[in-house]
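Novice: I have a structure I would like to understand better, so I am pasting it below and will then ask my questions one at a time.
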Amino acid sequence: NYKDSKAVSKCDLHRLEEGPPEKAELTRDQGLQYYRTMQTIRRMELKADQLYKQKIIRGFCHLYDGQEACAAGIEAGINPTDHLITAYRAHGYTYTRGVSVKEILAELTGRKGGVAKGKGGSMHMYAPCFYGGNGIVGAQVPLGAGIALACQYQGNNQLCVSLYGDGAANQGQLFEAYNMAALWKLPCIFICENNKYGMGTSVERAAASTDYYKRGDYIPGLRVDGMDVLCVREATKFAADHCRSGKGPIVMELQTYRYHGHSMSDPGVSYRTREEIQEVRSKSDPISMLKERMLSHNMASVEEFKEMDVEIRKEVEEAAQFATSDPEPPLDDLCNHIFYNNPPLEVRGTHPWAKLKSLS
Amino acid sequence: MGLIETELTESDPVWSAMDEELERDERVFLMVEEVAQYDGALQVSRGLWKKYGDKRISTLPFLRAGLRPICEFMTFNFSMQAIDQVINSAAKTYYMSAGLQPVPIVFRGPNGASAGVAAQHSQCFAAWYAHCPGLKVVSPWNSEDAKGLLKSAIREDNPVVFLENELMYGVPFEMSEESQSKDFTIPIGKAKVERPGDHVTVVSHSRLVGHCLDAAAVLAKEGIECEVINLRTIRPMDVESIEASVMKTNHLVTVEGGWPQFGVGAEICARIMEGPAFNYLDAPVTRVTGVDIPMPYAKILEDHSVPQIKDIIFSIKKTLNV
């Protein structure tokens, strides 16, 4: 089948007369592309897990496996020239926003071929129209509203997707951002990736209201099945139309799940059961669900999927090879990039006789 | 009868300090991110919830009148989101109320550089907090410091910023029998001479005290005897101890992990110049500090962003002109 219409789950609506369509069109090419994107993210994250356990990746590493449909679906619903900002669970978005697996892994291993030349690490990767990668919980959301303000100011019909988690959803600065976005009708899609746990705290223990799609109060919202890439895409398109038509901001809650713990230092089983994790894997895995749908509608064959899997594994393996063999950044890059568009300046080293150089 | 010594890591004396003070005073309670089921992000609050329950240990962020809260920041980098309250509500209230409203609160958590956690998670806040009147700022180095100073901080009737160090949590130290008693406290505002010496005064705080002692051991083989001072408290700073030492050694090197500008070392330099020890200096004071850049992620760059033992040795020799 070249293309087919698929039923997608109905979204819960807040202050909206109608929501995204309940049927989504999926072409074969789209399906294969979404599969490829999600599977690449999945394999990349699992490779990162491996490299972290081998101590080749250090510091913080927050993995995205389980949540792939969110990143893939959102990207399918916006334009490459739209803007996106997220928190620290950012590797998936770094990929969907156009950075190669090679440059992502090499950044995780701290090499000069990394997307931030090895200086940023896991939580600080950037790309055109992608503003990271932010380490401090919730801080990225007001920034996202600001980017939306820039879009409005420049009249370029672009919007900003501003992501945060269920933990950050209780942060005061989000409500300040909601207020200003609503007052000024900023083209901002606020998206809460609700994976049910803020570090080790379940949503019931953290929030007086777990209806995250309603937390924008006067801002319309929708709650979406974040494990279904088509659902996410349709909801994102709906939200994007809403923003671009000048109606102001909108809130989306994606109900999703992370297989890993909060970060690599969290086994992820002291606050939830292995049975729960296993149940999501077997019943709601975003990649399996898409594959089964396409197979049952004869949109692709088992062999095609296998072939793609082989290609993806190869791509990730080669990227990992690069990431482990590329040299670390040179020492003379230590002090660069303090200021933009600035004459070279002298930077004090660890003692007064260490006079280092900083270039823009 | 010898001392009974046991090896404990910094996080154990921090735990036992809180445990003892929770037991001693009902008004003390602990507010922490991710305590209880996650067992405190770095497990420092491990088990306290199981022992004391929801009323004394909570993740609810509110101040109840008449109580003595201990507020844990997962790291001090996150304290910036609450820093207005630390300064404008905690530090200044007793002054603004002309003595009506004391604020007996402890803010504690790991501070400064860790390993591979990059720019937003590696900052040292000693200088920022120590700049503010109304706060006391404490920076322990070893297990005894951690325990004794935290107990004092909890018993202190004023706001205390207690800067721990993540890399020190796992380092074992011998602890004397005295330090294991429930009444063991170390006074806030008093530095400690960790190693006596005649040739140069080396002043530091937190993890780098260990680096200074290592540097001193190397230099001793060359006949250079360093007097290593562990500040223990940043504010109020024990300037008298530094002055007494400088008046003996005539040379001063300060060592800190934080950035150089407007930092702990800068303050020490200013205070020395303002006091009697200035006339005893045979050379300008040298500051050894972190490099004046955001913390990079790549290991080779990170290693070169913080003072190494060789930097301390080099600086001491340059100061002594040898």
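Novice: Would you please list the contacts, defined by Cβ atoms under 7 Å and residues six or more apart or on different chains, that run from a residue in the range A:333-360 that is under 15 Å from residue B:288 (Cβ atoms) and basic (Lys, Arg) to a residue that is assigned to a strand (DSSP E or B) and open to solvent by 30 Å² or more (accessible area, probe 1.4 Å)?
Specialist: These pairs meet every condition: A:355/A:346.
Novice: So is residue B:129 open to solvent by 40 Å² or more (accessible area, probe 1.4 Å) and away from chain A (no Cβ under 14 Å) or not? Spell out the reasoning first.
Specialist: Values: open to solvent by 40 Å² or more (accessible area, probe 1.4 Å): no; away from chain A (no Cβ under 14 Å): yes.
No; evaluated as a whole, the condition is false for this residue.
Novice: I would also like to ask the following. If you check every pair at least six apart or on different chains, which have Cβ atoms under 6 Å apart with a residue in the range B:67-90 that is away from chain A (no Cβ under 11 Å) first and a residue that is assigned to a helix (DSSP H, G or I) second?
Specialist: B:73/B:79
Novice: Which one of these does residue A:173 not meet: (1) buried (at least 23 other Cβ atoms within 10 Å of the Cβ); (2) not in a strand (DSSP E or B)?
Specialist: With (1) buried (at least 23 other Cβ atoms within 10 Å of the Cβ); (2) not in a strand (DSSP E or B) applied to residue A:173, the lone miss is (1).
Novice: From the list A:307, A:346, A:311, A:315, which residue is charged (D, E, K, R) and within 14 Å of chain B (Cβ to nearest Cβ)?
Specialist: It is A:346.
Novice: Return the only residue of B:150, B:167, B:135 being in contact (Cβ under 8 Å) with a residue 12 or more places away in the chain and within 14 Å of chain A (Cβ to nearest Cβ).
Specialist: B:167
Novice: Counting only residues that are open to solvent by less than 30 Å² (accessible area, probe 1.4 Å) and without any contact (Cβ under 8 Å) to a residue 60 or more places away in the chain, how many does the range A:115-143 have?
Specialist: Total satisfying the criteria: 13.
Novice: I would also like to ask the following. Search the range A:15-49 for residues being in a helix (DSSP H, G or I) and aliphatic (A, V, I, L, M), and hand back the single one that is farthest from residue A:104 (Cα to Cα).
Specialist: Checking each candidate, the answer is A:32.
Novice: Would you mention how many residues in the range B:197-206 are out of contact with any Asp or Glu (no Cβ under 7 Å at 6 or more places or on another chain) and open to solvent by 40 Å² or more (accessible area, probe 1.4 Å)?
Specialist: The total comes to 0.
Novice: Hey, among A:49, A:65, A:12, which residue is charged (D, E, K, R), touching a residue at least 24 places away in the same chain (Cβ under 8 Å), open to solvent by less than 10 Å² (accessible area, probe 1.4 Å) and in the same structural domain as residue A:267 (by the TED database)?
Specialist: A:65
Novice: Return the residue satisfying two criteria in turn: it lies in the range A:269-302 and is in contact (Cβ under 8 Å) with a residue 24 or more places away in the chain and surrounded by fewer than 12 Cβ atoms within 10 Å (Cβ to Cβ), and of such residues it is farthest from residue A:214 (Cα to Cα).
Specialist: Among those that are in contact (Cβ under 8 Å) with a residue 24 or more places away in the chain and surrounded by fewer than 12 Cβ atoms within 10 Å (Cβ to Cβ), it is A:298.
Novice: Separate question: Identify the single condition in (1) more than 14 Å from chain B (Cβ to nearest Cβ); (2) closer than 30 Å to residue A:331 by Cβ; (3) open to solvent by 10 Å² or more (accessible area, probe 1.4 Å) that residue A:147 does not satisfy, given that it satisfies every other one.
Specialist: Evaluating residue A:147 over (1) more than 14 Å from chain B (Cβ to nearest Cβ); (2) closer than 30 Å to residue A:331 by Cβ; (3) open to solvent by 10 Å² or more (accessible area, probe 1.4 Å) leaves (2) as the failure.
Novice: Output yes when any residue across the range A:282-305 is under 30 Å from residue B:285 (Cβ atoms) and in a helix (DSSP H, G or I), and no when none is.
Specialist: No, that holds for no residue.
Novice: Being free of Cβ contacts under 8 Å to residues at least 60 places away in the same chain, in contact with a strand residue (DSSP E or B) (Cβ under 6 Å, 6 or more places away or on another chain) and aliphatic (A, V, I, L, M) is the filter here, so list the residues in the range B:99-132 that pass it.
Specialist: Matches in the range B:99-132: B:105, B:106.
Novice: Further question: Only one of (1) within 13 Å of another protein chain (Cβ to nearest Cβ); (2) outside any helix (DSSP H, G or I); (3) open to solvent by 40 Å² or more (accessible area, probe 1.4 Å) fails for residue A:156. Which number is that?
Specialist: The one condition residue A:156 does not meet is (1).
Novice: Moving on to the next point. In this structure, does residue B:194 turn out to be in a strand (DSSP E or B), open to solvent by less than 40 Å² (accessible area, probe 1.4 Å) and among the charged types (D, E, K, R)? Steps first, please.
Specialist: Values: in a strand (DSSP E or B): yes; open to solvent by less than 40 Å² (accessible area, probe 1.4 Å): no; among the charged types (D, E, K, R): yes.
Against the criterion (in a strand (DSSP E or B), open to solvent by less than 40 Å² (accessible area, probe 1.4 Å) and among the charged types (D, E, K, R)), residue B:194 does not qualify.
The values are calculated or read from the model by the stated rules, or taken from the named source; none is laboratory data. Computed from a prediction, not measured in an experiment: that's the story for all the values here. Heads up, the Cβs are rebuilt from the backbone with ideal geometry, glycines too, and the neighbour counts pull from every protein chain shown. For accessibility, only protein heavy atoms count, side chains too; no ligands or nucleic acids. Shrake-Rupley method; radii C 1.70, N 1.55, O 1.52, S 1.80 Å.
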